[in-house]
1. Do the conditions hold for residue 30, that is, is it of a type outside the set (Ser, Thr, Tyr), under 18 Å from residue 106 (Cβ atoms) and more than 8 Å from the ligand (Cβ to nearest atom)?
2. Kindly check whether there is at least one residue in segment 53-65 that is under 17 Å from residue 4 (Cβ atoms) and either of a type outside the set (Ser, Thr, Tyr) or more than 10 Å from the ligand (Cβ to nearest atom) (or both).
3. State yes or no: is residue 28 in a helix (DSSP H, G or I), β-branched (Val, Ile, Thr) and surrounded by fewer than 14 Cβ atoms within 10 Å (Cβ to Cβ)?
4. Which one is surrounded by the most Cβ atoms within 10 Å (Cβ to Cβ), of the residues in segment 74-99 that are out of contact with any Gly (no Cβ under 7 Å at 6 or more places or on another chain), in a helix (DSSP H, G or I) and aliphatic (A, V, I, L, M)?
5. Looking only at segment 2-16, count how many residues are touching a strand residue (DSSP E or B) at 6+ places or on another chain (Cβ under 7 Å) and at pLDDT below 95.
6. Tally time: how many residues in segment 1-56 are within 19 Å of residue 80 (Cα to Cα) and β-branched (Val, Ile, Thr)?
7. If residue 83 satisfies all but one of (1) near the ligand (Cβ under 8 Å from one of its atoms); (2) touching a strand residue (DSSP E or B) at 6+ places or on another chain (Cβ under 8 Å); (3) under 26 Å from residue 104 (Cβ atoms), what's the number of the condition it fails?
8. Filter segment 37-65 down to residues that are in a loop (DSSP other than H, G, I, E, B), out of contact with any Lys or Arg (no Cβ under 9 Å at 6 or more places or on another chain) and surrounded by 15 or more Cβ atoms within 10 Å (Cβ to Cβ), then give me how many there are.
Amino acid sequence: MNNSLHLRGHHLICLQFYKGLGYDASFVKNLNRVVKAWEKTPALIVEGPDMVCKSCPYLEGEKCALSDKIDQKDLLALNLLKVQLGVLIEKQTVKNKLYEIWEVWKEKACKDCLWNEVCSEEVKTKTKHKRSF
Ligand code: SF4
């Protein structure tokens, strides 16, 4: 994979809630760069490890050692967002779809996620007041 901006399915959704936290300093440094770049440039949707994973301590070869459900979450994200691999997508486009996909994503993807608490306060407030993300 080259250095152009590329993201796997579940990161399209999860990065919308990024708050500067991560597994270690180099992961966070890379993630800051990726999130900033995605504000300006559309990201290519890819399968498997992406620009976020490349600095992750849990990446082992082509596999995520943190969870065996990551590929399923990628697929779920693509299905909910109605997008396909190999397509370019803007951060705002995903953001605009969050409200309509939120209930299913929360139920199926967030439940067993390590970062659930980090995202949940923002989500609770916005869904309670029916505000867009
Ligand atoms: S935990 Fe897994 S999916 Fe998440 S960034 Fe690391 S390798 Fe990628």
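The values are calculated or read from the model by the stated rules, or taken from the named source; none is laboratory data. Bear in mind that the values here come from a model prediction, so they are computed numbers and not experimental data. Don't worry about glycine lacking a Cβ; one is built from the backbone with ideal geometry, like all the others, and counts go over all protein chains shown.
1. No; evaluated as a whole, the condition is false for this residue.
2. First, the residues of segment 53-65 that are under 17 Å from residue 4 (Cβ atoms): 53-55.
When the remaining residues are screened for being either of a type outside the set (Ser, Thr, Tyr) or more than 10 Å from the ligand (Cβ to nearest atom) (or both), the result is 53-54.
For segment 53-65, residues under 17 Å from residue 4 (Cβ atoms) and either of a type outside the set (Ser, Thr, Tyr) or more than 10 Å from the ligand (Cβ to nearest atom) (or both): present.
3. Taking the combined requirement at face value, the residue does not satisfy it.
4. 94
5. The total comes to 1.
6. So the count comes out to 3.
7. Of (1) near the ligand (Cβ under 8 Å from one of its atoms); (2) touching a strand residue (DSSP E or B) at 6+ places or on another chain (Cβ under 8 Å); (3) under 26 Å from residue 104 (Cβ atoms), only one is false for residue 83: (1).
8. Here the count works out to 1.
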